Amino acid sequence: MKKIKIVILLLLILSLITGCWDKVEIEDRAFVMAIGIDTSNQAKNYIVTFQFPNVKQVTSAAGGGGGGGGQPNFSISEVGDTVFSASRHVSTRLDKRLFLGHTKAVILGKDVVSNRDKFLEVLDTLDRSYELSRKLRLLVAEGKAQDILLKNYKFDPDIGVYIDDIFKQYNRTSIFPNIDYNKITKSLHDTNGNAIIPVISSGKDELKIAGSAIIKDYKLAGWLSDGENMGYMWLMGFVKGGDITFNMPTTDGKEVKIPFNITNTVMKRQVTEQDGKIIYKIKYDVEGEVTEYSFQKHGEMFDTNVLGTMENKANKVIEKMINDSLKRFQKDLKVDMVGVGDYIQKYKPGLWSKVGPEWKTRFPDVIIEPVVSTHIRRIGLFK
């Protein structure tokens, strides 16, 4: 009896130390780094494109094998009635199992976000995926997402990682918002279908992320240009860097273009109600440096009047960006995507209880007053 107990105990121990029953070897997995989703003109609803690296080449290079052979990555497209079914049907053409745990970017074609029902279906599929990270980058293509992922580029061929790295440098330009999938879907849920999504486009052999797609009621409502997008970034307090340019008159009656590099910004807000009107004031303290000037006119920059003129010019350029963006949201779209309602709800709950129920109709009439105060801290070194 004792021997039987020992045997049973050993069998139990062996069952606990066995490997995972559903283990998949690394070379048998396709680690999808980027996904593109478009609508289809065929009987099926969607075209889904997956891009993943050549694992054999990567592992060979890591092991000192000289990088292996073949192309560095693969892209494959599949049609399906749903995004999920398309991902499943890929298995009929691919000898690997798709793994989405490392996906860095999802690109939606313009046709997807232009169709409210299709956009909602895609969002639902992405939300239900247990593999996809909520920190991935969600972007809108100006055309087809498939065209971006199937194209050959001169840079790092891993598009998903490349896109993620571009976002890490967003504060060098501030012409697209540094927001991820989680923040975008939160905006959609909180505002009943409104959000700003960065736009991606492809040139001859390169990618570019600039501007934004405006989503209103879960549908594409328009686009923000680089300048309007930077205005939106100012309104949201996202600007941490970037540059602007203004014309500066010189003593000889000519003009030179002055690039001003933003190094620091501080935004303060205040809201009041006067005679039934809501007044939303935003004050910006901006610091930066002049990075170029006319070579023979450097000495002029010691003149405080010249510096003051430059600062005023910078103020007007930034205020114009902000006002242009406000016009799009208040007059054209009539939707609050710039955080005015959120600020009132958080800091003026009494006022919000009065205006909140009718905020959609009140927002276009809100008086928004941006005031910019620029300070040039550095003018560079010269003799």
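For Asn264, nonlocal amide neighbours, meaning residues 5 or more places apart or on other chains whose placed amide H falls under 5 Å from its own, are Glu287.
Lys and Arg at +1, Asp and Glu at -1: add these up for the other residues within a Cβ distance under 10 Å of Gly227 and post the number. The answer is -2. Estimated at 0.36 nm per residue, the fully extended path between Asn182 and His375 surpasses their Cα-Cα distance by 65.9 nm. In terms of the mean number of neighbouring beta-carbon atoms within 10 Å, the peptides 124-133, 111-120, 233-242 order highest first as 233-242, 111-120, 124-133. The magnitude of the dipole of segment 232-378, with charges of +1 and -1 set on the Cβ of Lys/Arg and Asp/Glu and taken from the Cα centre, is near 520 debye. Could you list, in their original order, any pairs among Lys144/Lys334; Lys240/Lys327; Lys320/Lys348; Lys331/Lys354; Lys104/Lys268; Lys110/Lys183 whose Cα atoms are separated by more than 30 Å? Going by Cα-Cα distance, Lys104/Lys268 fall outside the 30 Å limit. Take the Cβ atoms of Asp365 and Phe99, set R0 to 56 Å, and the FRET efficiency comes out at 0.65.
Accessible area per residue for segment 232-378, computed on protein heavy atoms with a 1.4 Å probe, is 54 Å². Counting only the Cα atoms, segment 113-216 fills a convex hull of 111 Å³ per residue.
Taken one residue at a time, the phi angles of segment 31-42 give Karplus couplings (6.51, -1.76, 1.60, θ = phi - 60°) of 7, 5, 9, 8, 10, x, 10, 10, 7, 10, 8, 8 Hz. Gly and Pro are set to x. Here the spin labels are modelled as points 7 Å beyond Cα on the Cα-Cβ line, and at His89 and Asp165 they lie 3.5 nm apart. Of the residues Gly341, Met321, Met236, the one whose Cα sits farthest toward the positive end of the charge dipole of segment 232-378, with +1 on the Cβ of Lys and Arg and -1 on the Cβ of Asp and Glu, is Gly341. The antiparallel fraction among DSSP beta bridges confined to segment 232-378 stands at about 65%. If R0 equals 30 Å, the separation of the Cβ atoms of Asp190 and Lys331 corresponds to a calculated FRET efficiency of about 0.85.
Based only on Cα atoms, what mean projected area does the convex hull of segment 232-378 have, in nm²? Averaged projected hull area, Cα only: 10.0 nm².
Which percent of the accessible area of segment 93-235 is formed by carbon and sulfur heavy atoms (probe 1.4 angstrom)? Ligands and nucleic acids excluded, carbon and sulfur give 44 percent.
The values are calculated or read from the model by the stated rules, or taken from the named source; none is laboratory data. Treat the numbers as computed from the prediction; the structure is a model and nothing was measured. Counting neighbours? That spans all protein chains shown, and the Cβs are built from the backbone with ideal geometry, glycine included. Just the protein is used for accessible areas: all its heavy atoms, side chains included, with ligands, DNA and RNA removed. Shrake-Rupley method; radii C 1.70, N 1.55, O 1.52, S 1.80 Å.
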